[in-house]
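Structure first, commentary second.
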Amino acid sequence: MSTDYALLFRALLPEALLTATALLVIGLDLAWGPGRSRGSRLQMAVGAGLLGLVAAALVVWQDGSQGTVWAGNLRLDLLAVAVRLGVLGLAALSLLGLTGARASDQPAEYVGLALLATVGFLQMAVAQNLLLAFLALELASLSLYVLAGYDRGRPESAEAALKYFLQGGVSAALLLFGFSLLYGITGRIDLTGISVALAAHSDASLGAVAVGMVLAAFGFKAAVAPFHPWAPDVYQGAPPMSAALIASASKLAGLAFFWRILWSGLGSLSATSSLTGGAGGGWVPVLAAMCAVSLLLGNLVALAQVSVRRLLAYSAIGHAGALGLGLLAAGEVGPGPMFYYAATYGLASVGAFACLALLERAGDGDRIEDLAGLRRRSPLIAACLAVFVLSLAGIPPLAGFFGKFVVFAAALRIDGLGHPAGWVALLAIAMSALALYYYLILLKQAWIADDARARGRVDVPPAAALGLVLAAALLLVLGAFPALLLGRF
Amino acid sequence: MSPLHLCLALSAALFCTGLVAVLIRGNAILVLLGVELMLNAANLNFLAFWRFGPGGGEAGLVFVLFSIAVAAAEAAVGMALVIAVHRHLRSIRIADANRLKG
Amino acid sequence: MTTLLAVLALICLAPAVAAVLVRNLIHSALLFVLAWLGLAAFYLALGAEFVAFAQALVYVGGVSMVALFAVLLTRPGRTDLLPPPSAARAVGGLAAVSLVASMLASSLFWSRLPSMEPTAPIPLRRLGELLAGPYLVAVLLVGLILTVALIGGLLLAAPRRPAEGADA
Amino acid sequence: MLHASHLWLIPALPLLAAAVGAAAPRTARRLPVALALGAIIGSFLLSLAALAGALAAPAAKLTANFTWFWAGSTAVRLGWLLDPLGALMSVLVCGVSVLVFIFSTAYLRDDPRLGRFFTCLSLFVAAMLGLLVANSLLLLLVCWELVGLASYLLIGFWFERPAAAAAAKKAFITTRLGDLGFLLGLLWLFHATGSSLFYDGGAGVLEGGALERLAATTLPGGWTAATGIGLLLFAGAVGKSGQFPLHVWLPDAMEGPTPVSALIHAATMVAAGVFLVARVFPLMAADQGLGGVPVHALTAVAVIGSVTALLGALLAVAQTDIKRVLAYSTVSQLGYMMLAVGVGAWEAAVFHLITHACFKALLFLGSGSVIHAAHHEQDARRLGGLATRMRFTYVTFLLGTGALIGLPLVFSGFWSKEAVLHAAELWPVSHLPFLAGLAGVVLTAFYMTRLVSETFLGRARGDGAAHAHESPRAMTLSLAVLAVASVAAGWIGTPAWPWLQSQLTGAPVAAHGLGEGLGLMILSTVLVGAGIAAGGWMYAHSPRADDRAPDPLARRFPGVFAALVARLWIDEFYAATVGRLLRGAAALAAWLERWVWGGLVSLTGRVAETTGEVNRAIDEDGLNTGFDRASDGLRDAAQRYSRAQTGEVQGYLRAVVVGLAVLALLLVWGGIR
């Protein structure tokens, strides 16, 4: 085992870099920050954080996939590399967006916590046993709770964080309980061992409870109904870039995480032949049902929202249904479509929240009417917002369309309509028409409606502008050349 | 009743007790402690399966050590959040935190 | 063995249930501490001395202290007695919990777990080797988690300085 | 001669123009205009070259395919296709676009957003051309959606008008309903054949092997995969081409500037649906059905087409807005085209598509000329007497009318409509489409006579009409060219010399002598005459005195006229059914929510309350009007549901716990083993 330390260090180098950067950022701020303006402290923190993220990404890129390390406890396969790069990129965009958000009292700690959360995401992508998985998830979650409550001037932020924390805590307890049952049934905590033991024998009733609890935790992480209620409140109350992290990087990492647990670990309980065979359910039809409810509920309720952020939250619940569908299909066709969808969805979400952050800094509320006249107040934000929203709506040739296309095609490829996923794909397609309606409302306000209050131009700091343009450009490029992502799987 | 079943029954009972605290107590601190109780129930499961379960190995025991640490961290963050909410609302009634809805 | 465990189980469960039922916040918190102590004793009986020690240390020494601090800091002032939960919430909550309870009970009832000979307890030295060996990554992660909790807890709970309030 | 691998140049030119135009500074107003004109003329020349290449080998499907990306082990491939259908359509679209662009330079001369208008137009044309030369259903869908997006921008171009913004949204959303079918069909096809290429040297989806497989795959209920996919793709065409029951958006879309109406809601965009059905005709006809008669998918096309042809003509009768009359007329003519495809004569449909594009563009531009001259007055009741003031517009408009109603022997519409009706007559399944087509002929003649009489004859009944002058040269030039085309475009497909049909099918079509179709020609001539006579008798003979006088038709048949004015209450039907269904579902959902959230205690009270809610919702819906109310119903449902999110976190947790229990129950019930 001891000979592995060098290998282990190499595998964990990105995490080590991020941790060091996080501590460095906080330390530098303590030494250098006092007496300086919030703006320059923020710039220092963001700059250092970006350097750390880029360095980590370079390491991940350089090393590529290394198979399993540390006695099989970490798995650095293609998906892991892709998810790690994606998470690092989304975190970097969030930091860029942070420069356009209302400055907080303690910017360095914010960046430090965001980097530590990213460490959690990175680990979620590679963990191969239940213990590491749980710890990685908790590291990410705890950081996100704090980030959600970071805006200490607004009661909404504290409330959102508390609600997020309570639901997160309960689902963490559920997940831990489910893990304990899995351990009890199989006597193992590594995913390979669990899947081998489950295939040989499984205890029907305890297994069902364990799977139910794992699914509930997945539902929480990805905001799939009926485990979604935290999402609208947190999206609305949390500081915008915290919400962006929760909506993008956290979801991407969560999907990879549950892909590993559900397919590598619990794959033998999936019963993909399900309803047609009549032999028995498994968790696939149940997850399909969750996705269906999520698609219906998210897209329907989004129609009634007056707050842009809540609208994005409900639309996220709808998207979570599609993401879950990608997760379902991933057992059959590999994680490529799921990853593409999650990554491009994350890009659009980060972008949209960065736009909102800029507007909020300019003193606007987050109601849909507040977008009015955006075209005149800042053509850049309006144009980028249009790209993000159209991508979320799934209009070709933006990446959002191909995300939908590959996921639905994958879901139908399992067994056409002979499989529940096929029917959910149909529902998802129908819901995308409904979704268009509320997305158009956003665009109409931003592009067509005139601003009755004649507010001034919105100031866009260069770094934030860079983030917006990068995200929009990536959506365009990935839409035109999906092979850049899909070709890697 | 075998010791294993007894342990599992206790764990299920603790889990449900914690859940009751989470769902019906109006006080945010008690809700947090309820979550802690649920985590404890899961820990108990691990230990019981470690001791009496089919697989053997030390994984269950070690898992509990880590999850106790995690529970402590969660408790700390949770309490801090309760204090943060209290600063704004002057209340730790969980039902008072209902500004965000719809 | 079973008898001892059963007695200890009651010692755990009774204060936990009481903690959920009593109206006084301080009493409730203290009852929770009692339940955790009972659980530590239960772990001891299971042969997990180190875990029992950790449980006692972390929960009785740490979590309950944090909880009491929070109680004192956020005290409503006039009374510790909070209004009882509304009937609708109580009934709704109990209905929900009873669903879960019956789910757990039935799954336990139907489970076919083999009854095995108890595994031997693990000596402390071996535990140390494990933590430095296969579980090293987990130790590192827990370190980070505690760091986050420390930073986050301080940030969230610290009072705002008046200067900051002015321009927020 | 243009090689297939260079076909992408045709859409690329306008796309480039749009991109540069969008980036141009606002002060350079003329730059986007010049770019757009140059690009479209370039595309026109290129498509002529492509047509020459296609006609050199009409039966060959010249393709240039390439792999776009790999999804796992599946290659997603795209490509370009050069065949007479695509090339002819490209020439048509480019040709009409050139004229409309020229017309627009004068029509919108004073609009401050002229540059933006041309940028959008270029984007639109680029998407449309891409759609025509695509050799992949996926690529076609991408362009199809871009066409929709561009049309959204163009219909809503005058976004200051709430009606324009609403119409743009309605058009986008209604067509998207059909697009769902399209997307599904695409996915299914991709799933079934592993390809989305039309022609791929024998491996494409429209070629032998794949077609046989699709026709042999049967679903429960005896349908074949070919039929299912065909119907789904047709759903997309129904939305885009304004077929019943998704035709409601097209008349509203007339809120856009008139050149837009001419280009996209008469000549090109709405034709995309017909083009799609013609393109995938081999797939739709693959299922041989009963006794060698292709019945399944094509029957639906024929039925929908007939209904639309008749319905559009009926609804046009009672409209007073010039552009709305023409819009419903477009709906009706598109119905004819679908009818023709449905009865198996897709080449006749394309023929009618070509002639219709010419004369409908002419009519729309003519109406634009009138509206421009009459200071944006477009209500026929307040026009009148323009025949003398705008002689050139009047004459060209008359020529367009002649083509539309199919005046015999000279006008293009006569020949193309004759081809459609001839095919319908020979359809072995039913005679109803043929009869519907004949009825449409009378109605078309009637409403067009009414429109011409009200607009141009009699005396001016409003200020706008009284002070009208002939339009500028750029406008009349376009009118002149289109007028020539409207008359002459029919000569390439007469029964005596069916050149067009031969080129399209790639096999010589025997010229049937005048004898075979003579009866039909005489019949339709008589019907046209009857329509003109009735219209002339009612409107031209005794024109209304002023703008408030009741419509002569309303005087004679008040009930019928009222029904037509209310558009046969189709919008109301949507509101009553869709809206009511949604509200019922919403009430049910709200009831369930409250039950879970609020606990069992208040159950009894809630039941009573909710029953009342449902009753109230149903009552209110009885009074609702308008298709748009259906979406209000949806929003209402959403609000009810949204209220269930009370903001109390313990309520959320209750939902979580109940959800968990349900999951476990489902898992146990499903039987985890």
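Find the sum over both chains of the accessible area lost when D and A are paired, probe 1.4 Å, and report it in Å² to the nearest 100.
Values: alone 26670 and 18020 Å², together 39060 Å².
Looking at D and A, the buried total is near 5600 Å².
Got the relative contact order for chain C handy, in percent, Cα pairs under 8 Å and 6 or more residues apart? Write down the numbers at each step before the final one.
Working: 87 pairs, mean separation 27.6, N = 168.
Relative contact order, chain C: 16 percent.
Once every Cα of segment D:79-159 carries one equal point scatterer and solvent is ignored, give the base-10 log of I(q)/I(0) from the Debye formula at q = 0.18 Å⁻¹, two decimals.
Treating every Cα as an identical point scatterer, log10 I(q)/I(0) equals -0.78.
Output wanted: per-residue J couplings in Hz (rounded whole) for segment A:404-416, from phi through Karplus 6.51 cos²θ - 1.76 cosθ + 1.60, θ = phi - 60°, x for Gly and Pro.
4, 4, 5, 5, 5, 4, 5, 5, 6, 6, 4, 7, x
Working from Cα positions, state the angle (0 to 90°, nearest 10) between the long axis of helix B:28-52 and the longest principal axis of chain B.
For B:28-52 against chain B, the angle is about 10 degrees.
Please state the relative contact order of segment B:3-89 as a whole percent: Cα pairs under 8 Å, 6+ residues apart? Mind showing how you got there, number by number?
Numbers: 79 pairs, mean separation 24.5, N = 87.
Once divided by the residue count of segment B:3-89, the mean separation gives 28 percent.
Would you kindly compute the Cα radius of gyration of chain C and its largest Cα-Cα separation (Dmax), both in Å?
21.2, 66
Tell me, what is a quarter of the convex hull surface for the C-alpha atoms of segment A:221-368, in nm² with one decimal?
8.5
Can you tell me the order of A:93-105, D:355-367, D:452-464 when each peptide is scored by its average per-residue count of other Cβ atoms within 10 angstrom, highest first?
Numbers: A:93-105: 25.8, D:355-367: 30.2, D:452-464: 20.5.
Listed from highest to lowest mean packing, they are D:355-367, A:93-105, D:452-464.
What value does segment A:136-231 have for Rg/Rh, both radii from Cα atoms and Rh as Kirkwood defines it?
Numbers: Rg = 16.2 Å, Rh = 14.6 Å.
Ratio of gyration radius to Kirkwood radius: 1.10.
Pairwise over distinct Cα atoms, reciprocal of the mean inverse distance: report the Kirkwood radius of segment B:3-89 in Å, one decimal place. If you can, show how the numbers build up before the last one.
Numbers: mean 1/r = 0.0715 Å⁻¹.
By the Kirkwood definition, the hydrodynamic radius is 14.0 Å.
Show me the ranking of peptides D:307-315, A:138-146, A:432-440 by mean Cβ neighbours inside 10 Å, starting with the highest.
Details: D:307-315: 25.4, A:138-146: 30.2, A:432-440: 22.2.
Top of the packing list down: A:138-146, D:307-315, A:432-440.
For a quick check: with amide H placed at 1.01 Å from N, whose amide H comes under 5 Å from D:Phe69's, ignoring anything fewer than 5 positions away on the same chain?
Long-range HN contacts for D:Phe69: D:Val76.
When you have a sec, figure out the Kirkwood radius of segment D:421-476 from all distinct Cα pair distances and drop it here in Å to one decimal? Write down the numbers at each step before the final one.
On the way: mean 1/r = 0.0677 Å⁻¹.
Every distinct Cα pair counted, the radius reaches 14.8 Å.
Would you tell me the mean number of C-beta atoms belonging to other protein chains that fall within 10 Å of each C-beta in A:132-140, as a whole number? Display every interim value, and only then the final one.
Details: counts 5, 0, 7, 13, 5, 1, 13, 11, 2.
Mean number of neighbouring Cβ atoms from other chains: 6.
What share of Cα pairs, in percent, lie more than 21 angstrom apart in segment D:173-251?
34
Based on the alpha carbons, how large is the Rg to Rh ratio for chain A when Rh follows Kirkwood? Present the calculation step by step, with values, prior to reporting the outcome.
Working: Rg = 21.5 Å, Rh = 22.4 Å.
Reported Rg/Rh (Cα atoms, Kirkwood Rh): 0.96.
Would you be so kind as to identify all helices of chain C, as entire DSSP H runs, whose Cα atoms reach 30 Å or more along the helix's own axis and whose mean Kyte-Doolittle hydropathy is at least -0.5? Show your work: numbers first, answer last.
Working: long enough: C:25-46 (32 Å, 2.14); C:87-110 (34 Å, 1.49); C:136-157 (31 Å, 2.89).
Span-like helices in chain C: C:25-46, C:87-110, C:136-157.
Round to a whole number: what % of the accessible area of segment D:304-380 belongs to carbon and sulfur, probe 1.4 Å?
Values: 600 of 1030 Å².
Exposed carbon and sulfur together represent 59 percent of the surface.
Grab the alpha carbons of segment C:86-144, take their convex hull, and tell me the volume per residue in Å³.
Working: hull volume 11.7 nm³, N = 59.
Hull volume over Cα atoms, normalised by residue count, gives 198 Å³.
For segment D:207-324, what number results from the quotient of the Cα radius of gyration and 2.2 N^0.38 Å? The partial results should precede the final answer.
Numbers: Rg = 16.9 Å, N = 118, 2.2 N^0.38 = 13.5 Å.
That ratio works out to 1.25.
Which loop trypsin sites (Lys or Arg not before Pro) in segment D:67-167, with loop taken from DSSP, have no more than 13 other Cβ atoms within 10 angstrom of their Cβ?
D:Arg109
When the Debye formula is applied to the Cα atoms of the protein assembly as shown, each taken as the same point scatterer, what base-10 log of I(q)/I(0) results at q = 0.07, 0.08 Å⁻¹?
-0.79, -0.98
Taking chain B as the reference, fit the longest principal axis to its C-alpha atoms, fit the long axis of helix B:59-89 to the helix C-alpha atoms, and give the angle between the two in degrees, 0 to 90, nearest 10.
10
Compute the distance from the alpha-carbon center of segment D:13-28 to that of segment D:462-489, in whole Å.
Using only Cα atoms to place each centre, the spacing works out to 29 Å.
With θ taken as phi - 60° and the coefficients 6.51, -1.76 and 1.60, list the Karplus ³J(HN,Hα) couplings across segment A:43-58 in order, rounded to whole Hz; mark glycine and proline as x.
4, 4, 5, 5, x, 4, x, 4, 4, x, 5, 5, 4, 4, 5, 4
So what is log10(I(q)/I(0)) for segment A:16-75 at q = 0.26, 0.28, 0.29 1/Å, when the Debye sum runs over its Cα atoms only?
So the normalised log intensities are -1.02, -1.09, -1.12.
So what is the relative contact order for segment D:38-112, in percent, with contacts set as C-alpha pairs under 8 Å and at least six apart?
On the way: 68 pairs, mean separation 26.8, N = 75.
Reported as a whole number, the value is 36 percent.
Roughly how crowded by other chains is peptide D:446-459, in terms of the mean Cβ count from those chains within 10 Å of each of its Cβ atoms?
Values: counts 0, 0, 0, 0, 0, 0, 0, 0, 0, 0, 0, 0, 0, 0.
Taking all residues of D:446-459 together, the mean is 0.
Based solely on its DSSP helices, what 222 nm [θ] is calculated for the protein assembly as shown when runs of n ≥ 4 H residues each add -39,500 (n - 2.57) and the sum is averaged over all residues, nearest 500 deg cm²/dmol? Don't jump to the answer; show the numbers that get you there.
Details: 63 runs with 1020 residues, N = 1432.
After summing the helix terms and dividing by the residues of the protein assembly as shown, the value is -23500 deg cm²/dmol.
In segment B:3-89, carbon and sulfur make up what percent of the accessible area (probe 1.4 Å)? Intermediate results must be reported in sequence, preceding the final value.
Numbers: 670 of 1040 Å².
Carbon plus sulfur share of accessible area: 65 percent.
For the protein assembly as shown, what is the accessible area per residue in Å², given a 1.4 Å probe and the full set of protein chains? Intermediate values should be presented prior to the final figure.
On the way: 45590 Å² over 1432 residues.
Computed with neighbouring chains in place, this is 32 Å² per residue.
Using Stokes-Einstein with the Kirkwood hydrodynamic radius over Cα pairs, what translational diffusion coefficient do you get for segment D:1-148 at 20 °C and a viscosity of 1.002 mPa s, in µm²/s rounded to a whole number? Could you put the intermediate results ahead of the total?
Working: Rh = 15.8 Å.
Estimated via Stokes-Einstein, D reaches 136 µm²/s.
Hey, got the average number of other protein chain Cβ atoms within 10 angstrom for residues in A:424-432?
Numbers: counts 0, 2, 3, 0, 0, 6, 3, 1, 4.
Per residue, the average neighbour count from other chains is 2.
In this model, which of D:Lys240/D:Lys360; D:Lys61/D:Lys240; D:Lys169/D:Lys240 are farther than 22 Å apart at the alpha-carbon? Present the calculation step by step, with values, prior to reporting the outcome.
On the way: D:Lys240/D:Lys360 17 Å; D:Lys61/D:Lys240 26 Å; D:Lys169/D:Lys240 14 Å.
Listed pairs above 22 Å: D:Lys61/D:Lys240.
The values are calculated or read from the model by the stated rules, or taken from the named source; none is laboratory data. Bear in mind the structure is a predicted one, so any value in this text is a computation, not a measurement. No Cβ is skipped: glycine too gets one built from the backbone with ideal geometry, and neighbour counts run over all protein chains shown. To get the accessible areas, we keep the full protein, side chains included, count just its heavy atoms, and leave off ligands, DNA and RNA. Shrake-Rupley method; radii C 1.70, N 1.55, O 1.52, S 1.80 Å.
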